[in-house]
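Please read the structure below before turning to the comments.
The values are calculated or read from the model by the stated rules, or taken from the named source; none is laboratory data. Because the structure is a prediction, the values reported are computed rather than measured. Here Cβ is always computed from backbone atoms with ideal geometry, including for glycine, and neighbour counts include all displayed protein chains. Areas reflect the complete protein model, heavy atoms only, side chains present, ligands, DNA and RNA absent. Shrake-Rupley method; radii C 1.70, N 1.55, O 1.52, S 1.80 Å.
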Amino acid sequence: MKITGRSAEAIFDSIREGIGNGQLAAGSVLPPVRELAEQLGVNRNTVAAAYKRLDGAGLASTGGRRGTVVRGPVQAMAREGSAPGLALHDLAGGNPDPRLLPTLRVQAAAPRLYGAETVDVRMQRLARASLDPHCPAGYALELTHGAVDGIERLLAAWLLPGDRIAIEDPCFLGSLNVLAAGGHAVLPVAVDAHGMQVEALRAALEAGARAVLLTPRAHNPTGASLDAKRARALRQLLAGYPQVAVLIDDHYALLSQQPYHSVLPDDGRRWALLRSLSKALGPDLRLAWLGCDAATASVLRLRLAAGTGWVSHLLQDAASAVLESAPQRAKITAAGERYQQRLQSLQELLRARGLQTPLPMEGLNLWLPLSGDSHAQVLALAARGWHVRGGEVFAVAAPAHGLRITCAALGAAELRRLADDLLAVCGG
């Protein structure tokens, strides 16, 4: 493609149009600044300014030996959930068991108008009861429309397109989509049965990560949770990088059977702890608690005011009514125990058949590692009536060969049949 223009704006528009119409494919290397400046008969600073704007807009990446590389438009990526009307038994959607969700009802209350407190008093009390033990003194409390919305808002407040962020590899689909849409450069951090690996995070920090996004419990897809030793090591490592923002996505908090171990150094950095209510109260309840430092809260309030304004008080009322009810809280606790029993039962059934899974594991899904691509196993299980998720879609850098199997709603007989079919498909 021939790049045209005499001003930085015109050069930017020319390249942008080429990316949009497909003449400049993702991965294409743009001419060096000096070379393009000579071709166009302009000052090198003019081309450099155009390239800088391309980088800022997330259309290209500048710097390094590769030069300026086209990123291209954001591609459609895999999402949680499965298509409605699926003929197969759905074990790919990542959903909780509908039978274990509490009943949400919106009770009539005095209408809230513009200017009302964004976080209802009842909701404040419930959120702080959860967050107070795990947040530094004086933290700010906010609400977002679920964990993924919170992640998107926080990264927009902290980072610019092209900034580097350390994330788990493999990684939750919602987080991957947010990072791609924001134009952030990801630095993969390997995960084992106890969460982020310390030396892998060290490498990402030394490579210039400006933020870290991690899951302390029920990591999706692997089910890993931080233990006290791993959390302490991560906390000590992060203490040496006070300029790095830390975002903790504790999405499974209300259902978790594991203790929470903080990785957050108490050093005044930018930080946030997100606790979604979606797994416990239902995915359609778009609400998450967010504890963060005061400076981050100020930026978030500006973004919330410019967007949706606040999380609906009707949603807050419905969630508060459930969480203030002793029987409903007991139901949530029982649901967490039931999910763990089903997961452990499937693990035990698989081990008895010679199929090993990582230990410990928590959440709605079982992670079954494979030695190679999962496509054949996904198809073979579909032929047996099961719809499962291939692990490759969760990969950041290293191949995520495996199956993510949502077992949250399976009964004992279904678990046994699934274990038999997994042995038949994966046992060789």
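Normalised by the number of residues in the chain, what is the relative contact order in percent for Cα pairs under 8 Å and 6+ residues apart? Before the final figure, lay out the partial values.
Numbers: 785 pairs, mean separation 77.1, N = 428.
Reported relative contact order: 18 percent.
Rounded to the nearest 0.05, what FRET efficiency do D420 and A181 have when you use their Cβ-Cβ distance and R0 = 41 Å? Don't skip to the end; give the middle numbers.
Working: r = 41 Å, r/R0 = 1.00.
Here the calculated transfer efficiency is 0.50.
Please report, to one decimal in angstroms, the Kirkwood hydrodynamic radius of region 117-218 built from all distinct Cα-Cα pairs. Mind showing how you got there, number by number?
On the way: mean 1/r = 0.0659 Å⁻¹.
Computed over Cα pairs of region 117-218, the Kirkwood hydrodynamic radius comes out at 15.2 Å.
Mind checking the dipole of the chain: about its Cα centre, +1 per Lys or Arg Cβ, -1 per Asp or Glu Cβ, Debye to the nearest 20? Don't skip to the end; give the middle numbers.
Numbers: 44 positive and 38 negative charges, 38 e Å.
Approximately 180 debye in magnitude.
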Label point distance in nm, A26-D97, each placed 7 Å from Cα along Cα→Cβ: 3.9 nm
H89's amide H: which non-local residues (gap 5+, or another chain) put their own amide H closer than 5 Å, with H modeled 1.01 Å from N in plane and none for Pro or chain starts? W386, H387
Expected-Rg normalisation [2.2 N^0.38 Å, Cα atoms] applied to the chain: 1.07
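Average projected area of the Cα convex hull of region 223-318, in nm²? Please list the in-between numbers first.
Working: hull surface 29.6 nm².
About 7.4 nm², averaged over all directions.
Computed FRET efficiency, Cβ-Cβ of A395 and R338, R0 35 Å: what is it to the nearest 0.05?
Values: r = 30 Å, r/R0 = 0.87.
Given R0 = 35 Å and the Cβ-Cβ separation, E is 0.70.
Convex hull over the alpha-carbon atoms of region 273-428: what's its volume per residue in Å³? Write down the numbers at each step before the final one.
Working: hull volume 26.4 nm³, N = 156.
Considering the Cα atoms of region 273-428, their hull volume per residue is 169 Å³.
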Stretchable slack from A295 to D163, in nm (0.36 nm times residue separation minus alpha-carbon distance): 45.6 nm
Going by accessible area, probe 1.4 Å, with all protein chains left in place, what is the ranking of K279, K2, largest first? K2, K279
Give the long-range amide H neighbours of A224: residues separated by 5 or more places, or on another chain, with amide H under 5 Å away, using H modelled in the peptide plane at 1.01 Å from N. H219, E362
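Based on the Cα atoms of region 318-380, what semi-axes does the equivalent ellipsoid have, where each is the square root of 5 times one gyration tensor eigenvalue, given in whole Å with the largest first? If you can, show how the numbers build up before the last one.
Details: eigenvalues 226, 41, 14 Å².
They are 34, 14, 8 Å, listed from largest to smallest.
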Tell me the label-point distance for the pair E17, D192, using the 7 Å Cα-to-Cβ offset, in nm and rounded to one decimal. 5.5 nm
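Assuming R0 = 22 Å, what is the FRET efficiency of S312 and R125, from their Cβ-Cβ distance, to the nearest 0.05?
On the way: r = 18 Å, r/R0 = 0.83.
Approximately 0.75, to the nearest 0.05.
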For region 1-126, take the convex hull of the Cα atoms, compute a quarter of its surface area, and give me that in nm², please. 16.0 nm²
Report ³J(HN,Hα) in whole Hz for each residue of region 229-245, in order, from the Karplus equation J = 6.51 cos²θ - 1.76 cosθ + 1.60 where θ = phi - 60°; Gly and Pro get x. 5, 5, 4, 5, 5, 5, 5, 5, 5, 5, 4, x, 10, x, 7, 8, 6
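From Cα pairs below 8 angstrom and at least 6 apart in sequence, can you work out the relative contact order of region 266-342, rounded to a whole percent?
Working: 48 pairs, mean separation 18.9, N = 77.
Reported as a whole number, the value is 25 percent.
For region 256-396, what does the relative contact order come out to in percent, with C-alpha contacts under 8 Å and a separation of six or more? Provide the component values of the computation, followed by the final result.
Working: 91 pairs, mean separation 22.7, N = 141.
Dividing the mean separation by the residue count of region 256-396 yields 16 percent.
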Where a Cα-Cα gap under 13 Å defines reach, which aspartates and glutamates qualify for K331, not counting those fewer than 8 residues away within the same chain? D97
In whole Hz and in residue order, list the ³J(HN,Hα) couplings for region 162-168 that follow from phi through the Karplus curve 6.51 cos²θ - 1.76 cosθ + 1.60, θ = phi - 60°; x for Gly and Pro. x, 5, 8, 9, 7, 9, 5
Based on the alpha carbon coordinates of region 159-254, what radius of gyration and maximum Cα-Cα distance (Dmax) apply, in Å? 12.4, 35
Please work out how much accessible surface S28 shows to a 1.4 Å probe, ignoring ligands, DNA and RNA, in Å² rounded to 10. 30 Å²
